Each structure stands twice: as structure tokens, then as C-alpha cells.
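One structure below.
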Amino acid sequence: MSDPGAGAPPAKRNYKILLIKSCSYFTSGVVVLFLALQLYDWFGPTSLPDCDDSGVQTTIRSIFSEKSKTEITDMAAFASATAPAGGLACSAELTFSDKSRGRLSYRVYLKGSHVMVVAENVEEL
């Protein structure tokens with residue numbers, strides 16, 4: 001008995017299809033990695049911002065504009081210390097639209113994945 005494939009030429013590899021498959025696997029892997037990193041940014045753990053963070057400053061400005069109807073024109077001299085509950089105890093010097101000045105004591109902490117800002121005390125300067 002003879003082998004029917006013995007005289008047949010070797011099968012050609014289609015390198016074009018192999019290259020296309022390899023590129024599609026690589027592209028799919030990059031897309032999955034990008035999506036995983038983006039989901040981690042959206043739902044991952046939130047870190048505690050500094051006392052002079054722009055988001056914290058915006059929150060303080062909105063608190064004052066809602067509660068006292070006085071706009072803050074300048075915030076400076078930020079200082080921070082660790083609060084016992086794992087947050088930050090902060091202070092800042094404020095200048096208001098009526099040119100008065102004060103020192104604000106406030107806390108920044110995490111509640112779940114949300115950053116919370118609590119204004120505690122304002123002293124006149």
C-alpha cells in the first residue's frame with residue numbers, strides 16, 4: 001500500500017491571513033486593557049485630595065455663595081493636618097468680595113467613593 005499524500009506538495013501557509021489574525025488579537029487585547037483601566041478609574045478607590053485641590057476650593061466657594069451670599073475672591077495660605085477619622089483637617093485664608101478677610105477651618109474626608117468637605121469655623125482676620 002502506498003501513502004496517498006506522499007507525492008503531494010507540502011501545504012502552503014497563508015501568511016497574510018496569519019498576519020491579519022495576529023493584528024486583530026493584538027488590537028482586541030489593547031482595547032480590553034484600555035477598557036479595564038478606564039473602568040478602574042471610574043469605579044476604583046478614590047484617593048483623598050489635598051486641602052488646596054481645585055475641586056475642594058470649588059466646593060468651599062459654592063458653600064459660601066449658598067449660605068452667606070458672599071463671594072470668595074481669593075483663597076491662600078492653605079495648611080493641613082491629619083484628622084483622627086482618616087481625613088484632613090485644613091485651614092485657609094479667605095478674602096471676600098466686600099474686602100473682608102477670614103481664616104476658614106474645614107475637613108476633607110471620604111464617604112464611600114465621594115469626597116466630602118465640611119466647613120467648620122470662620123475667624124475674622
Open item on the list: Just to verify a result, which residue in the stretch 56-76, among those that are of a type outside the set (Asp, Glu) and loosely packed, with under 11 Cβ neighbours inside 10 Å, is farthest from TYR109 (Cα to Cα)?
Closed with: LYS69
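Would you list the strands (runs of 3 or more DSSP E) that sit entirely within the stretch 39-125 and hold 2 or more residues that are among the basic types (Lys, Arg)?
Values: elements: 72-82, 88-96, 101-111, 114-124.
Answer list for the stretch 39-125: 101-111.
Read-outs: derived from the displayed coordinates by stated rules, not from any lab. In this text the structure is predicted, and so the values were computed from the model without any measurement. Every residue, glycine among them, receives a Cβ derived from its backbone with ideal geometry; neighbour counts consider all protein chains shown.
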